[in-house]
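Below: one structure, written as structure tokens.
The values are calculated or read from the model by the stated rules, or taken from the named source; none is laboratory data. Predicted model only: the values in this text are computed from it and were never measured. Glycine also receives a Cβ, built like all others from the backbone with ideal geometry; neighbour counts cover every protein chain displayed. Side chains included, ligands, DNA and RNA excluded: accessible areas come from the protein's heavy atoms. Shrake-Rupley method; radii C 1.70, N 1.55, O 1.52, S 1.80 Å.
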Amino acid sequence: MDNMDIFTNPDESSVKNLLSESGLPIADITAKHMEHFFGCDSDSKLEGVVGLELYGAVALLRSLAVAASRRSAGLGSALVAHAERYAREQGAKSLYLLTTTAEAFFLRRGYARVSRDEAPAAIKGTREFAGICPASSAFMVKDLTSS
């Protein structure tokens, strides 16, 4: 992968554009979310993004998207690794996510599928869990204390 800098607080409209192009929901994204979002770009165009919602010992990984022209270049993996490190630094012990299209991607990165019934209350309370992501989404978790 060529040189890539990951930065915090990407531009909200650029994030929404990339998520929309990737078929991901944007209904609940606000400027406040950008505090825990990370992006990577080239030529000032956002090429990848990932976000976190932090709830103490648990966190929700969300909104992972990479521009179609840059897929399979390692950006998604680099963004997820960065988000995991950041979540761990903020005190998260477990990182949860919902996905309809990337279950295999996350399985390769140490996530395991779990029942939605096992979700902690903080995660169940997120808009993403409660309604934005369909019930058919894979619900996954990674233990951040062992990695």
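A compact table of results
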{"quantity": "Matching residues, the stretch 72-96, being more than 11 Å from Val49 (Cα to Cα), over 12 Å from the mean Cα position of the chain (by Cα) and among the hydrophobic types (A, V, I, L, M, F, W, C)", "calculated": "Ala73, Ala92"}
{"quantity": "When residues of the stretch 60-92 are limited to those that are without any contact (Cβ under 8 Å) to a residue 60 or more places away in the chain and in a strand (DSSP E or B), the one most open to solvent (accessible area, probe 1.4 Å)", "calculated": "Leu64"}
{"quantity": "Number of positions in the stretch 41-54 that are within 21 Å of Val141 (Cβ to Cβ) and surrounded by fewer than 18 Cβ atoms within 10 Å (Cβ to Cβ)", "calculated": "1"}
